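To start, the structure under review is shown below, and the notes come after it.
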Amino acid sequence: MSEERVQELLKELHEGVVEYDEERVVAASKAVLDEGHNVYNAVMNGLASGMEEVGELYDQQEYFVPELLMCADALYAGLDLLKPHIDPADVGTTGAKGQVVIGSVQGDVHDIGKNIIKMMFEVAGFTVYDLGRDVPLEKFVEEQLKTDSEIVAMSAMMTTTMMGMKKVVEMIKEKNPNVKIMLGGAPVTGDIASLFGADGYAESAGNAVQEAVRMVAQLRKLQNQ
Amino acid sequence: MTPKQRVQKFFRREPIDQMPLFSGMGTVTIQAIEKMQVRFAQVHTDAELMGRSAMESAKLWDLDGVVVPYDMCTPAEALGRGVTLYTDVEGILYPTVPTKWANLDEASLPADFSGIFSQARMPVVDGALKYCLGYEGGRYAVGGWVLGPFTLAGQVIELDVLLKGMAKDKERVSAFLGRMTDLVIAMAQHYQSLGVDYITIREMGSGTDLLSPRMWKNLIKPNLERVFQAISIPSVNHICGSTDLIVEMMADCGATAVSVDQKNNMAQSRQKLGNDAILLGNFDPYKTLVQMEPGQVEAVIKACVEGGVDAVWPGCDLWPDVKAENMRAYVAAVRKFGGAPTPAVGRL
């Protein structure tokens with residue numbers, strides 16, 4: 001098992017994600033499994049690193065949301081194959097072991113940004129409890145308590161639904177002040193996130209990728225140290 | 001000069017006494033709804049309540065025009081996609097479409113759209129428009145509005161399918177958007193036949209936060225051109241979100257005016273489009289009318305006028321739960337700074 005071959009497969013996974021080539025990602029993922037390479041390494045330094053470049057391309061306005069979605073599909077094509085074979089010991093030493101509750105708030109049926117963030121949490125090794133969209137506000141609180149998740153991530157695409165997030169932040173922080181709360185969506189700004197008492201925010205699907213990429217990039221650095 | 005005359009002359013670029021105070025998006029506020037002793041959730045299903053809530057808001061704040069309906073679900077609902085009205089939820093939530101077609105194969109559209117005006121809440125909207133048009137002898141300007149073809153498509157079919165399809169399944173998505181364009185035209189012409197003074201086409205999901213300028217040019221612009229060609233009364237091309245990269249193409253679609261939100265660099269847009277273009281915008285209604293202190297509002301409105309708008313428009317629907325003091329400050333600021341001629345419209 002040469003280092004050269006490992007690098008070759010990581011490059012295939014990376015480029016397959018960036019060029020939203022699902023077949024290429026699937027072929028490389030199968031090769032990783034067949035040839036017995038480290039699966040967690042393939043996820044983090046192949047798939048996730050590819051998505052990191054996608055985030056940069058979005059930032060540079062070379063990619064837009066359609067491309068992000070297609071890249072996400074390519075990433076999932078690989079992740080679906082690889083994830084069941086990740087050695088828990090790898091995740092245990094370098095990756096995240098957290099749980100996150102995620103959903104679009106009541107009154108909002110948009111979920112593109114939410115789904116991209118969900119994907120990045122999954123890549124990073126989190127257990128994700130996806131409540132879907134148009135989620136009644138109390139449901140976030142119930143699910144956080146039930147799962148004892150460390151993070152609650154909420155999305156609202158419109159100003160008209162954003163106010164619901166404030167109520168959820170209040171309800172959750174009242175019961176458990178240590179829960180980290182992430183807000184996302186077009187109307188969400190840093191000011192609003194801090195006014196609502198949240199711990200982080202991303203204003204669009206692209207920014208969501210950037211935020212999540214930063215999180216995963218930190219994990220990759222740890223892994224590579 | 002009545003409010004209606006002011007708005008009509010404005011769109012004809014004729015000199016007017018002062019900047020008209022109106023919008024192409026909802027301007028209903030909670031103060032008017034409370035005065036009527038109803039809840040926000042009730043006004044979406046009753047023509048008189050919808051019309052009255054619009055007119056009460058106009059009277060309360062001295063607006064020149066009104067727009068109904070307040071939610072964007074009516075055509076999707078008429079096509080059988082249902083509606084969630086949130087009647088049992090406290091506070092303000094706009095109706096949403098609960099079930100969208102999962103893919104293009106599932107989408108089922110009628111051969112022609114003339115039958116949809118008797119479906120679901122479409123008659124409620126007609127009734128509300130007629131109420132507003134007849135209010136005080138037709139003294140106020142009344143605007144109709146329709147989602148743009150792409151945004152309307154996103155109301156009936158899953159948006160991610162549509163977005164990915166625009167790159168991967170271009171031919172079929174393009175054909176579907178063509179049918180949505182037929183529907184937008186049918187609705188715009190229907191509202192035109194009821195006698196509204198202007199029509200706003202809100203292609204709000206198509207800014208460059210989402211789509212590349214190239215995709216906008218190829219898949220959005222041709223459909224908007226077809227829509228505006230089919231409208232014979234004043235029309236407004238409104239897009240919220242990032243529009244700096246597409247504002248020239250927006251102006252080239254054939255609408256009477258272009259409306260953008262606070263993300264647009266208005267001074268640059270004015271420079272790009274010249275002084276003949278009617279430009280509308282571009283303050284953040286939630287931040288300005290809900291969050292800010294009343295004393296901060298005047299500077300926001302002044303900046304819009306100095307940026308080169310012909311009428312100060314909010315970038316989106318007003319969030320109904322505005323602060324009364326902020327609304328008063330907004331109206332006062334438009335009156336204060338809107339007395340002078342604007343680039344495209346002179347003063348008496």
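The values are calculated or read from the model by the stated rules, or taken from the named source; none is laboratory data. A quick note: this is a predicted structure, and the numbers were derived from the prediction, not measured. All Cβ positions, glycine included, derive from the backbone under ideal geometry; neighbour counts span all protein chains shown.
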In segment A:1-113, which helices (runs of 4 or more DSSP H) lie fully inside it and hold 3 or more residues that are over 25 Å from B:Lys168 (Cβ atoms)? A:3-18, A:22-34, A:39-42, A:88-94
Checking the conditions here, which among A:Ala96, A:Ala77, A:Ala72 is crowded, with 19+ Cβ neighbours inside 10 Å, under 16 Å from the mean Cα position of the chain (by Cα) and modelled with pLDDT under 90? A:Ala96
Would a scan of segment B:144-156 turn up a residue that is over 23 Å from B:Gly115 (Cβ atoms), polar (S, T, N, Q) and within 14 Å of chain A (Cβ to nearest Cβ)? no
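Can you pull out every residue in segment B:308-336 that is assigned to a helix (DSSP H, G or I), buried (at least 19 other Cβ atoms within 10 Å of the Cβ) and not aliphatic (A, V, I, L, M)?
The answer is B:Asn326, B:Tyr330.
Residues are listed down the side, and each one gets a yes or a no for (1) under 17 Å from B:Asn237 (Cα atoms); (2) surrounded by fewer than 24 Cβ atoms within 10 Å (Cβ to Cβ); (3) at pLDDT below 95:
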site: B:Thr181; (1), (2), (3): yes, yes, no
site: B:Val184; (1), (2), (3): yes, no, no
site: B:Ile199; (1), (2), (3): yes, no, no
site: B:Arg202; (1), (2), (3): yes, yes, no
site: B:Thr208; (1), (2), (3): yes, yes, yes
Condition (residue is under 22 Å from B:Gly178 (Cα atoms), hydroxyl-bearing (Ser, Thr, Tyr), away from chain A (no Cβ under 13 Å) and in a loop (DSSP other than H, G, I, E, B)) applied to segment B:92-99: is it met by at least one residue? no
Filtered residue count, segment B:27-45, keeping only those that are surrounded by fewer than 19 Cβ atoms within 10 Å (Cβ to Cβ) and in a loop (DSSP other than H, G, I, E, B): 5
Do we find a residue being surrounded by 24 or more Cβ atoms within 10 Å (Cβ to Cβ) and either modelled with pLDDT of 95 or more or more than 14 Å from chain A (Cβ to nearest Cβ) (or both) anywhere in segment B:210-220? yes
Counted residues, segment B:256-285 - those being farther than 14 Å from B:Ala311 by Cα and crowded, with 24+ Cβ neighbours inside 10 Å: 3
How many residues of segment B:247-257 are farther than 20 Å from B:Asn218 by Cβ and either within 14 Å of another protein chain (Cβ to nearest Cβ) or β-branched (Val, Ile, Thr) (or both)? The answer is 1
Considering every residue within segment B:267-277, establish whether at least one is within 14 Å of chain A (Cβ to nearest Cβ) and of a type in the set (D, E, K, R). no
Could you tell me which numbered condition B:Asp244 fails, if it satisfies all but one of (1) within 12 Å of chain A (Cβ to nearest Cβ); (2) under 18 Å from the mean Cα position of the chain (by Cα)? (2)
Given the criteria more than 19 Å from A:Lys166 (Cα to Cα), out of contact with any Leu (no Cβ under 7 Å at 6 or more places or on another chain), modelled with pLDDT of 90 or more and not β-branched (Val, Ile, Thr), does A:Lys83 qualify? yes
Can we say B:Met55 is closer than 30 Å to B:Pro341 by Cβ, in a helix (DSSP H, G or I), over 16 Å from the mean Cα position of the chain (by Cα) and more than 14 Å from chain A (Cβ to nearest Cβ)? yes
If I filter segment A:3-15 for residues that are surrounded by 18 or more Cβ atoms within 10 Å (Cβ to Cβ), of a type in the set (Val, Ile, Thr) and within 16 Å of A:Asp90 (Cβ to Cβ), do I get at least one hit? yes
